[in-house]
1. Any chance you could give the angle, 0 to 90 degrees and rounded to 10, that helix 63-73 forms with the longest Cα principal axis of the chain?
2. Which length gain, in nm to one decimal place, applies between residue 153 and residue 225 when the Cα-Cα distance is subtracted from 0.36 nm times their residue separation?
3. Report the label-to-label distance for residue 186 and residue 115 in nanometres (one decimal), using points 7 Å from each Cα along the Cα→Cβ vector.
4. Quick check: from the Cα gyration tensor, does the chain come out rounded (a/c under 1.5), prolate or oblate?
5. Kindly provide the helix-only [θ] at 222 nm of the chain, computed as the sum of -39,500 (n - 2.57) over DSSP H runs of four or more divided by all residues, to the nearest 500 deg cm²/dmol?
6. Determine, from the Cβ-Cβ distance of residue 127 and residue 4 and an R0 of 22 Å, the FRET efficiency 1/(1 + (r/R0)^6), rounded to the nearest 0.05.
7. At a 10 angstrom cut-off on C-beta neighbours, averaged per residue, how do the peptides 56-62, 42-48 rank from highest to lowest?
8. Calculate, in nm to one decimal, what residue 39 and residue 78 gain on full extension: separation in residues at 0.36 nm each, minus their alpha carbon distance.
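Read-outs throughout are calculated quantities, based only on the coordinates presented, and are distinct from any laboratory measurement. This structure is a prediction, so every number in the text was calculated from the model and none was measured. Neighbour counts are summed over all protein chains in view; Cβ atoms, including those assigned to glycine, are modelled from backbone coordinates with ideal geometry.
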């Protein structure tokens, strides 16, 4: 399991980017037509398909080598890596726990719609506690609360050095947050990913210009692949 980060900043990526969400369910049907269903995954796996319409391979520009080299270093579908989705990879002031005066460790989560999912690979530069946005403060110095008019009285403001990020996205506090205090976090997170196939294709359509028509990955918010 590698923590290498996929080079998502390469130019030449094209639309459409296909995203698929997949659960795994066993369905058993009786002769009467009644069904029994067993859910095997508490959290879905995802699949994303990227395509590159122009990867340059000229002196000083080795975009094809960067992408293909990353693929070969993972041995195709064998090794996993970290992937940041720019459209689904960040939270702002999201509640991930509620203090009870006893517990000191809390699992980071993210929400999508009404669903809450565990996050195992946050970026280490996350912030715990409300993040203020002075750029949008009004003349009086008041900072609007972007996620609703929550009172600071029920939020836990974590001081610097009062918590540690443990493996699998667990935040450990030195002192248990007081009962009733909501714990918020802001930051980016990565998906645990692997390539879906053991084959990497490239086509040279002009001298030193290449395309990659399909690069598919299997993604999980947890370290389970």
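1. Between the helix axis and the principal axis of the chain, the angle is about 80 degrees.
2. On the way: separation 72, 0.36 × 72 = 25.92 nm, distance 4.05 nm.
Extending this stretch completely gives an extra 21.9 nm.
3. Placing both labels 7 Å along Cα→Cβ, they lie 2.7 nm apart.
4. Numbers: a/c = 2.22, a/b = 1.38, b/c = 1.61.
It comes out oblate by the Cα gyration axes.
5. Working: 1 runs with 11 residues, N = 225.
So the helix-based figure for the chain works out to -1500 deg cm²/dmol.
6. Numbers: r = 25 Å, r/R0 = 1.12.
Result of the calculation: an efficiency of 0.35.
7. Working: 56-62: 11.6, 42-48: 16.1.
Descending mean neighbour count gives 42-48, 56-62.
8. Working: separation 39, 0.36 × 39 = 14.04 nm, distance 2.62 nm.
Length difference between fully extended and current span is 11.4 nm.
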